[in-house]
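Everything on this sheet refers to the single structure shown next.
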Amino acid sequence: MWYAILGTDNPGSLQARRDARPAHLARLDALREAGRLLLAGPFPAIDAEDPGPAGYSGSLIVAEFADLAAAQAWAEADPYRMAGVYREVRVLPFRKTLP
C-alpha cells in the first residue's frame with residue numbers, strides 16, 4: 001500500500017537539511033530503484049522554486065510499504081529526522097486515484 005509521509009521542519013533547520021540531504025536522497029533513490037517511490041519533494045517556505053535562505057517548511061514523500069508500521073519505521077529513521085530537521089513526522093495511508 002502507498003503511504004504519505006509528511007515531515008514538518010523545525011525553524012532554523014536549513015543548514016541541518018543541507019548537511020543531511022545526501023543521505024536523505026540516497027534512501028529515496030533506493031525506494032525509487034525498487035519501484036516503491038511515487039513522489040517526493042520539499043515545501044518551499046515561500047512562493048518560489050528556490051526559496052534561498054527562507055528554506056523549507058517540510059517535505060512530502062509518497063512511497064509503498066508492506067504496512068503502516070513499516071512506513072512509520074522508515075520515516076523515523078530518515079536522516080532528516082535523525083538530524084533534527086523534522087520536528088514532526090506524520091505517516092498516513094494513501095490511495096492513489098489519479099492519474
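Laboratory data are not the source of any read-out in this text; all were calculated from the coordinates shown. On a predicted model such as this, the values are computed, not experimentally measured, just so you know. Cβ atoms come from the backbone with ideal geometry, glycine included; neighbour counts cover every protein chain shown.
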*Around Phe94, which amide H atoms from residues at least 5 apart in sequence, or from another chain, sit under 5 Å from its own amide H, with H modelled in the peptide plane?*
Trp2, Tyr3, Ala4
*Excluding Ala83 itself, what net charge comes from residues whose Cβ is under 14 Å from its Cβ, given Lys and Arg +1 and Asp and Glu -1?*
+2
*If you plug each phi of the range 19-32 into the Karplus form 6.51 cos²θ - 1.76 cosθ + 1.60 with θ = phi - 60°, what whole-Hz ³J(HN,Hα) values come out, in order, with x for Gly and Pro?*
5, 8, 4, x, 5, 4, 5, 4, 5, 5, 4, 5, 5, 4
*By the scheme Lys and Arg +1, Asp and Glu -1, what is the net charge of all other residues having a beta-carbon under 11 Å from that of Ala20?*
+3
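What net charge is computed for the residues neighbouring Asp9, neighbours being all others with C-beta under 14 Å from the C-beta of Asp9, Lys and Arg scored +1, Asp and Glu -1?
+3
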